[in-house]
Amino acid sequence: MKKKCIIIPAYNEGGNIANVIQEIKKVTDVDLFIIDDGSKDHTKKMAKQAGAYVISHPFNMGYGVALQTGYKFALRNNYDILLQIDGDGQHIPDMIPEFFKKIESGECDVLIGSRFLGKGGYNPRLLKKIGIFLFKVIIRLINNARITDPTSGYQCMTKEVFRIFTDDSFPCDYPDTNIIVRLHRMGFIVKELPVTMRENPEGRSMHKGTLTLMYYFFTMFLSIFISLISSKNYYKKKALDI
Amino acid sequence: MTLLQKLFGILTVLTIFWIIIQLVKKGKLREEYSWLWLLTGLILIIVVLWYDLLLIISKLIGAVYPTTTLFIFGIVFLILLSLHFAIKISHLTYEVKNLAQKISFLEAENEQGDPGDKPVS
């Protein structure tokens, strides 16, 4: 039996985190870790009250760093399979057992929850839709792979994958399409699973504002370019030193 | 270059040297960074004492006036210095991140024990 865990990065999610934890607990009983990214509200307290194990950053470092803290903690505690889900309640956890089942069967190394393969759910804004389409095309061109939801943070992966993410080369700003391109190049099998997603209850987004969006696109293209000029085994070799 | 200009140049460089040494002595500037500024001062002294070198370099890079050469090298130096500090800041950012993550683990384990021992449901 493989050791499994769920990591949930959360920043100022005091209003949602307890519900997210309760929803997850209804579908699975695997170890659950909340990565509180230096929240200014009562996220930590609410998560603890809901019975979760909380890892708290001393200050806010961003979504990517919170994810990496989860990867490092899972590696430190010898977990074999890791699932990541957002702390804002966007991701509906009913498919979690299916994620674990598919990864455990060895069908793939990374499984991404796609809102576009599922039935219904919410419709992203036009700008996000354009971005998703652009990154879909990039993945298709570079990796010859069909990924319908490259910006989804609802993912499940094997230890071999999250071990690589514990290295400083992990793009902590925005781990999205760049990661998928990199994993494909490294020979990992990346697949998708249909999931249902809700809109953020408070309408928050990581990519709000023109400057933030421009910076997002810039870092994404730079990161993809760096991945392309790096040798296929570069990140694997680095991860072996961890 | 007139004697007065030479004296002014040397005096300026010696003042810079003295400030750098004092900063290192008081622990406000690490030795690691002081060498760069001392080297800059040394190059300036050489240029002041051996003005012909500046003329030769100007001829080599095709500059009409020696002052242009000084400005070009000054700007290049400042660009490289900025790059050096950007590298340092990036390195420190990684270190702060890794340190903060380690503190988070230790604090969590100290408060809540080993994650394997804690029943989730």
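Which one is surrounded by the most Cβ atoms within 10 Å (Cβ to Cβ), of the residues in region A:27-43 that are touching a helix residue (DSSP H, G or I) at 6+ places or on another chain (Cβ under 8 Å) and farther than 21 Å from residue A:77 by Cα? Outline the logic, then answer.
Start the filter on region A:27-43 by keeping residues that are touching a helix residue (DSSP H, G or I) at 6+ places or on another chain (Cβ under 8 Å), which leaves A:27-28, A:30-37, A:43.
Then drop every residue that is not farther than 21 Å from residue A:77 by Cα, which leaves A:27, A:43.
Working: A:27: 14, A:43: 25.
Only one residue tops the list, namely A:43.
Give the residue, chosen from A:159, A:238, that is at pLDDT 90 or above and either out of contact with any strand residue (DSSP E or B) (no Cβ under 9 Å at 6 or more places or on another chain) or farther than 26 Å from residue A:129 by Cβ (or both).
The match here is A:159.
Residue by residue, here is whether (1) over 18 Å from the mean Cα position of the chain (by Cα); (2) in the same structural domain as residue B:73 (by TED's automatic domain parsing); (3) open to solvent by less than 90 Å² (accessible area, probe 1.4 Å); (4) hydrophobic (A, V, I, L, M, F, W, C) holds:
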residue: B:13; (1), (2), (3), (4): no, no, yes, yes
residue: B:17; (1), (2), (3), (4): no, no, yes, yes
residue: B:23; (1), (2), (3), (4): no, no, yes, yes
residue: B:26; (1), (2), (3), (4): no, no, no, no
residue: B:29; (1), (2), (3), (4): no, no, yes, yes
residue: B:34; (1), (2), (3), (4): no, no, yes, no
residue: B:37; (1), (2), (3), (4): no, no, yes, yes
residue: B:41; (1), (2), (3), (4): no, no, yes, no
residue: B:45; (1), (2), (3), (4): yes, no, yes, yes
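Of the residues A:152, A:169, only one is hydroxyl-bearing (Ser, Thr, Tyr) and surrounded by fewer than 18 Cβ atoms within 10 Å (Cβ to Cβ); which?
Numbers: A:152 fails: surrounded by fewer than 18 Cβ atoms within 10 Å (Cβ to Cβ).
It is A:169.
Residues in region B:73-121 that are of a type in the set (Lys, Arg), at pLDDT 90 or above and over 19 Å from the mean Cα position of the chain (by Cα): how many?
Initial filter on region B:73-121 (of a type in the set (Lys, Arg)): B:88, B:97, B:102, B:118.
Still in the list and also at pLDDT 90 or above: B:88, B:97, B:102.
Of the ones still in play, those that are also over 19 Å from the mean Cα position of the chain (by Cα) are B:97, B:102.
Number satisfying all stated conditions: 2.
Report yes if some residue within region A:104-116 is of a type outside the set (Lys, Arg), within 14 Å of another protein chain (Cβ to nearest Cβ) and open to solvent by 50 Å² or more (accessible area, probe 1.4 Å); otherwise report no. Before you say what the answer is, go through the steps one by one.
Quick first cut of region A:104-116, residues of a type outside the set (Lys, Arg) only: A:104-114, A:116.
Cutting the leftovers down to within 14 Å of another protein chain (Cβ to nearest Cβ) gives us none.
No, region A:104-116 has no match at all.
State whether the residues of region B:58-67 include one that is more than 28 Å from residue A:9 (Cβ to Cβ), at pLDDT below 90 and either in a helix (DSSP H, G or I) or within 14 Å of another protein chain (Cβ to nearest Cβ) (or both).
yes
Looking at B:24, B:76, B:48, B:64, which one is in contact with an Asp or Glu (Cβ under 9 Å, 6 or more places away or on another chain) and not small (Gly, Ala, Ser)?
Every option except B:24 fails the conditions.
So residue A:68 clears everything in (1) farther than 15 Å from residue A:17 by Cα; (2) more than 10 Å from chain B (Cβ to nearest Cβ); (3) surrounded by 22 or more Cβ atoms within 10 Å (Cβ to Cβ) except one condition, right? Which one?
The one condition residue A:68 does not meet is (2).
Listed here are the residues, each with its yes/no results for (1) of a type in the set (A, V, I, L, M); (2) without any contact (Cβ under 8 Å) to a residue 24 or more places away in the chain; (3) away from every other protein chain (no Cβ under 12 Å); (4) assigned to a helix (DSSP H, G or I).
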site	(1), (2), (3), (4)
B:71	no, yes, yes, yes
B:79	yes, yes, yes, yes
B:90	no, yes, no, yes
B:100	yes, yes, no, yes
B:109	no, yes, no, yes
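Of the residues B:17, B:8, which is assigned to a helix (DSSP H, G or I) and out of contact with any Leu (no Cβ under 9 Å at 6 or more places or on another chain)? Talk me through it step by step, then tell me what you get.
On the way: B:17 fails: out of contact with any Leu (no Cβ under 9 Å at 6 or more places or on another chain).
On inspection, the qualifying residue turns out to be B:8.
Among the residues of region A:76-83, are any of a type outside the set (Phe, Trp, Tyr), buried (at least 18 other Cβ atoms within 10 Å of the Cβ) and out of contact with any Lys or Arg (no Cβ under 8 Å at 6 or more places or on another chain)? Explain how you work it out, then say what you get.
First pass over region A:76-83, keeping only residues of a type outside the set (Phe, Trp, Tyr): A:76-78, A:80-83.
Going one step further and asking which of them are buried (at least 18 other Cβ atoms within 10 Å of the Cβ), we end up with A:81-83.
Narrowing further to those that are out of contact with any Lys or Arg (no Cβ under 8 Å at 6 or more places or on another chain): none.
No, every residue in region A:76-83 fails to be of a type outside the set (Phe, Trp, Tyr), buried (at least 18 other Cβ atoms within 10 Å of the Cβ) and out of contact with any Lys or Arg (no Cβ under 8 Å at 6 or more places or on another chain).
Could you please give the count of residues in region A:52-65 that are of a type in the set (A, V, I, L, M), open to solvent by less than 20 Å² (accessible area, probe 1.4 Å) and under 24 Å from residue A:151 (Cα atoms)? It would help to see each step written out before you state the result.
The first filter runs over region A:52-65 and keeps only residues of a type in the set (A, V, I, L, M), leaving A:52, A:54-55, A:61, A:65.
Checking the rest, the ones that are also open to solvent by less than 20 Å² (accessible area, probe 1.4 Å) come to A:52, A:54-55, A:65.
Restricting the remaining residues to those that are under 24 Å from residue A:151 (Cα atoms) gives A:65.
So the answer is 1.
Does residue B:60 fit the bill of being within 18 Å of the chain's Cα centre (by Cα), without any contact (Cβ under 8 Å) to a residue 24 or more places away in the chain, open to solvent by 90 Å² or more (accessible area, probe 1.4 Å) and not assigned by TED's automatic domain parsing to the domain that holds residue B:4? Working first, answer last.
Details: within 18 Å of the chain's Cα centre (by Cα): no; without any contact (Cβ under 8 Å) to a residue 24 or more places away in the chain: yes; open to solvent by 90 Å² or more (accessible area, probe 1.4 Å): yes; not assigned by TED's automatic domain parsing to the domain that holds residue B:4: yes.
No: the conditions fail for residue B:60.
Quick check: anything in region A:41-48 among the aliphatic types (A, V, I, L, M) and within 13 Å of chain B (Cβ to nearest Cβ)? Don't jump to the end; show me each part of the working.
Within region A:41-48, the first condition is being among the aliphatic types (A, V, I, L, M), and the residues that meet it are A:46-47.
This time we only want the ones that are within 13 Å of chain B (Cβ to nearest Cβ), so: A:47.
The answer is yes, given that some residue of region A:41-48 is among the aliphatic types (A, V, I, L, M) and within 13 Å of chain B (Cβ to nearest Cβ).
The values are calculated or read from the model by the stated rules, or taken from the named source; none is laboratory data. This is a predicted model, so every value here is computed, not measured. FYI the Cβ positions are ideal-geometry reconstructions off the backbone, even for glycines, and counts take in every protein chain you see. Ligands, DNA and RNA are excluded from the accessible area calculation, which covers all protein heavy atoms including side chains. Shrake-Rupley method; radii C 1.70, N 1.55, O 1.52, S 1.80 Å.
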